[in-house]
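Working notes, beginning with the structure itself.
The values are calculated or read from the model by the stated rules, or taken from the named source; none is laboratory data. Model, not experiment: these values are computed from the prediction. Quick reminder, even Gly has a Cβ in these numbers, built from the backbone with ideal geometry, and neighbours come from all protein chains shown. The area values use the complete protein model at the heavy-atom level, side chains included, leaving out ligands, DNA and RNA. Shrake-Rupley method; radii C 1.70, N 1.55, O 1.52, S 1.80 Å.
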Amino acid sequence: MNTHTTPSRSAATSGLPCFCDSLSSLSARTAASFVLAFGATSASQAAEPEWRLQVGGVSHHFEPTRAVGRKWQEQHPGLGLEHLVRDDRWSIHSTGGIVQDSRGFWGGYAGRAYLRNWRAPGNVELAAGAGVYAFYRSTSWHGKMTLVPGVLPTASIFLPSSNMGLNFIYVPQIGAYNKSMPAVLHAQLSYKFR
């Protein structure tokens, strides 16, 4: 029996990066359902798209490195772009750029996050949800690089009065490629220019 199905029009137009099969913590079917549910909600009443510049970032590693004489780098020079489409309740954040990773090597990132929006007192915009990401990053202190996918908790704070914001990603502790990486909280500055 042929179980292959053709993706629906909404799935084809959602723009989800096609690396769901590589995710170990979330099945492709669950990820697709997540994207369709939140993508359709946001697209139905989407406002004018926004563009934001992402500049570097900082991180906090919850454990020290096990390598003797080494420390995690917690300041991350970099440059990226964020495309945002939203309505009053939901937002879709598509990002990509280059950044120096926690071992000091230059790599890259791309992803799409689906966030629930709230407006706090003082005209502060808050959003929280999850994102599907791919990071091109080092897996050793010798500079060996690989592509690491993940589904991660994501949040943002934005101040419309200054066009400035902060994006947050939490990476839980992982053990992959015979290496262990501690949990990390990463914050990245964004500036709305359009």
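Here the label points at L79 and L126, each 7 Å from Cα along the C-beta direction, are separated by 3.4 nm in the simple model. Count Lys and Arg as plus one, Asp and Glu as minus one, and take only other residues whose Cβ is under 15 Å from that of G165; the net charge is then +2.
Taking Lys and Arg as +1 and Asp and Glu as -1, the other residues whose beta-carbon sits under 11 Å from that of R86 total -3. Once all protein chains are placed together, W51 keeps about 80 Å² accessible to a 1.4 angstrom probe.
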